[in-house]
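The values are calculated or read from the model by the stated rules, or taken from the named source; none is laboratory data. Because the structure is a prediction, the values reported are computed rather than measured. Please note: Cβ atoms are built from the backbone with ideal geometry, for glycine as well, and neighbour counts cover all protein chains shown.
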Amino acid sequence: METKILDNPIIELKDIDVYFKSAEGNSLKAVSHASLKVTKGEIFGIVGSSGAGKSTLARVINLLQPPTSGRVLIDGFDITDNRGNDLRALRLRIGMIFQHFNLISGSTVEENISFNLKAASYPKSEIHSRVVELLKLVGLSDKLKSYPSQLSGGQKQRVAIARALANNPELLICDEATSALDTKTTEGIITLLNDINKKLKVTIVFITHQMDVAKKLFNKIAVMDSGKIVEVNDTYSLFSNPSNPITKSLVSSVLDIEIPEELVISKDSHLIKLFYAGEGAYNPIISNLSKNFSVDLSILSGKIEYINKKPLGILLVSIFGEESERLKAIQYLKDNTTKVELIKKGEHYGK
Amino acid sequence: MGNNTIEILQQYLWKASYETIEMVIISLLVALIFGTILGLILYLSETELLVKNKVVNSIAATLVNVIRSIPFIILLVVLIPLTKLITGTTIGPIAASVPLSFCAIAFHARLIEGAFADIDSGVIESSVATGSSIKLIITNVLFVEARPAIVRSITITFVSLIGYSAMAGIVGGGGIGDLAIQFGYYRYESGVMLVTVILLVFIVQIAQIIGDKIAESFVH
Ligand SMILES: Nc1ncnc2c1ncn2[C@@H]1O[C@H](COP(=O)(O)OP(=O)(O)O)[C@@H](O)[C@H]1O
Ligand SMILES: [Mg+2]
């Protein structure tokens, strides 16, 4: 991705803390020393398990949740102390969508979208045509007069997206926007958000606990755990080479192959898992292996995942042969693939 | 039903009904205006994302609590000087409307506060996130989302006012309740008692049915 060095990041969070006072009077650290930068135009993901502090951090960006300490910079301007009209003006530039859509249930689709336009004092006579245009963008032109209760979850989220885009925001914050939707509807929303990001050049910050959404949508990912940002990387690197244990467990939830429990491997063999990042195919390596070392290799299982259109392969193989040859072969694999995981040596694998 | 009963009803029922309607309508209108405003203030001032203000909230809440904690029959008496000041008299349905209004404002304010508080907090959050003004949120979100609950609140306030107006009648307000007490109770005219009770039940039923219908039409 191109980044202009002179441009300020669209969002910069500096050392954000958010404390909540519990009923018993103790304070709960929902976000702790969180710093991050989001570059204009990217789709930036914040992932982590439930309760990690993702929503709280996302709500700090538009000050729905003022931070206990730390600074929030938007386009290089410190907005942490903005209140009243300044804060409202800022929020007009930031769209937001939610897990449960949060549409006004007593208003039609048209009225829902008009609300955002009215918030920006959009010329009254042009509101209707703008609403029509927005509904076309999200593929819901026929739902102008429907009430939210008459729409499916995916349609409601599309209305929410149309509404959030009404005032041409530079930034769209999505809090678990696909978490209440089924897989197929999620795909549709992901495609739509990708389109919006490309066509309208809207920067997207997307919070989720769903790693398969992360894999398909994000350019860059921050991983949160217990209020802290524990790892930040571009999506492909994060998936192919996670460093933090939390990241590893999140990544393995979508990027792994099961090892059959009943698998038995013979005495003179190693069971290993290969991770293979990048464009090169692994076929040459596999065939080189059998050529250069006196080992037999069998592929037990394998798959290729595409992340940001780049392949990431995983293979489960067993290597059979003399111990010394086997170790040489494994060393060769270590040198030529992204990661080699030794699962088991010899004997019985499983329960 | 004896001749006496019919005579009494012919002579007093219309007047009594008119007085009841007068008391109830006046105090309902006052409650709709001031109770709604007070309820809105209570809600806005206690809600973090809107205009949370502890001072305003505790003043409004104290006002409401004080009125609500005084038994109505005592409120009637306590407010006599004020009633005299406002209406120039302490007798009749117009005078009775003063304590009724006070009571109804406080009662209605709590119902309205509850109607707003029951709105999905996510909807409030997403509205605030748009950068909209509080005024626009009040008109386009709060009053839209709370509409069914507000209609139900109005029905409840109306029905309660029918009850309170009977009490107000005893201390000089007149109305159906007064008729029932004066003739049905003090003069042992059970027929009058029965007819007024049936009439009150009927009014309350009709109000409830209409209120429910309107509330339902606002649910989407
Ligand atoms: N308004 C609040 N008051 C008190 N505690 C809160 C509030 N919002 C969130 N929390 C707490 O902060 C922590 C982080 O919550 P959240 O940001 O919602 O996590 P996530 O979105 O990652 O699931 C949780 O322990 C949650 O209970
Ligand atoms: Mg969350």
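This table checks each residue for (1) within 13 Å of ligand 1 (Cβ to nearest atom); (2) touching a Leu at 6+ places or on another chain (Cβ under 9 Å); (3) more than 28 Å from A:Leu200 (Cα to Cα).
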{"site": "A:Gly25", "(1), (2), (3)": "yes, no, yes"}
{"site": "A:Lys37", "(1), (2), (3)": "no, yes, no"}
{"site": "A:Ile46", "(1), (2), (3)": "yes, yes, no"}
{"site": "A:Thr56", "(1), (2), (3)": "yes, no, no"}
{"site": "A:Leu64", "(1), (2), (3)": "yes, yes, no"}
{"site": "A:Asp75", "(1), (2), (3)": "no, no, no"}
{"site": "A:Gly84", "(1), (2), (3)": "no, no, yes"}
{"site": "A:Leu87", "(1), (2), (3)": "no, yes, no"}
Over the range B:130-187, the set of residues over 30 Å from A:Asn168 (Cα atoms), free of Cβ contacts under 8 Å to residues at least 24 places away in the same chain, crowded, with 20+ Cβ neighbours inside 10 Å and not hydrophobic (A, V, I, L, M, F, W, C) is B:Gly184
Of A:Ile221, A:Ile173, the only residue that is touching a helix residue (DSSP H, G or I) at 6+ places or on another chain (Cβ under 6 Å) and within 20 Å of B:Ala129 (Cβ to Cβ) is A:Ile173
Per the filter on the range B:28-76, residues touching an Asp or Glu at 6+ places or on another chain (Cβ under 7 Å), surrounded by fewer than 19 Cβ atoms within 10 Å (Cβ to Cβ) and touching a residue at least 12 places away in the same chain (Cβ under 8 Å) are B:Leu49, B:Asn57
Across the range A:237-276, the tally of residues that are in contact with a Gly (Cβ under 9 Å, 6 or more places away or on another chain), crowded, with 21+ Cβ neighbours inside 10 Å and not hydrophobic (A, V, I, L, M, F, W, C) stands at 4
Flagged in the range A:62-78 as among the hydrophobic types (A, V, I, L, M, F, W, C) and within 10 Å of chain B (Cβ to nearest Cβ), in numbering order, are A:Leu63, A:Leu64
- Is there a residue being in contact with a Gly (Cβ under 6 Å, 6 or more places away or on another chain) and modelled with pLDDT of 95 or more anywhere in the range A:58-77? no
| request: State whether the residues of the range A:169-189 include one that is among the β-branched types (Val, Ile, Thr), away from chain B (no Cβ under 14 Å) and in contact with a strand residue (DSSP E or B) (Cβ under 6 Å, 6 or more places away or on another chain). | output: no
By residue number, the members of the range A:171-191 that are of a type outside the set (Ser, Thr, Tyr) and away from ligand 2 (no atom under 16 Å from the Cβ) are A:Leu171, A:Leu172, A:Asp182, A:Lys184, A:Glu187, A:Gly188, A:Ile189, A:Ile190
Practice task
Please work out if A:Ile127 is more than 14 Å from every other protein chain (Cβ to nearest Cβ), at negative phi and touching a Lys or Arg at 6+ places or on another chain (Cβ under 8 Å).
Solution key: no
So, first residue buried (at least 24 other Cβ atoms within 10 Å of the Cβ) in the range A:97-123, second residue part of a loop (DSSP other than H, G, I, E, B) and polar (S, T, N, Q), Cβ within less than 6 Å, six or more apart or across chains; the pairs are A:Val109/A:Ser146; A:Asn116/B:Thr130
Flagged in the range B:2-14 as in a helix (DSSP H, G or I) and either surrounded by 13 or more Cβ atoms within 10 Å (Cβ to Cβ) or not charged (D, E, K, R) (or both), in numbering order, are B:Asn3, B:Asn4, B:Thr5, B:Ile6, B:Ile8, B:Leu9, B:Gln10, B:Gln11, B:Tyr12, B:Leu13, B:Trp14
Review point. Is at least one residue of the range A:273-295 within 18 Å of the chain's Cα centre (by Cα) and assigned to a helix (DSSP H, G or I)?
Key: no
The condition of being within 14 Å of chain A (Cβ to nearest Cβ) and more than 15 Å from the chain's Cα centre (by Cα) holds, among B:Ile138, B:Ile94, only for B:Ile138
Considering the range A:29-73, residues that are among the hydroxyl-bearing types (Ser, Thr, Tyr), within 15 Å of ligand 2 (Cβ to nearest atom) and buried (at least 17 other Cβ atoms within 10 Å of the Cβ), and then whichever is nearest to the chain's Cα centre (by Cα), we arrive at A:Ser55
Selection from the range B:77-113 of residues closer than 18 Å to B:Leu32 by Cα and free of Cβ contacts under 8 Å to residues at least 40 places away in the same chain yields B:Val98, B:Phe102
Picking from A:Gly106, A:Gly76, the residue that is away from ligand 2 (no atom under 13 Å from the Cβ) and either in contact with a Phe, Trp or Tyr (Cβ under 6 Å, 6 or more places away or on another chain) or within 25 Å of A:Val131 (Cα to Cα) (or both) would be A:Gly106
Residue set A:Asn168, A:Asn194; condition surrounded by fewer than 19 Cβ atoms within 10 Å (Cβ to Cβ), away from ligand 2 (no atom under 16 Å from the Cβ) and part of a loop (DSSP other than H, G, I, E, B); output residue A:Asn168
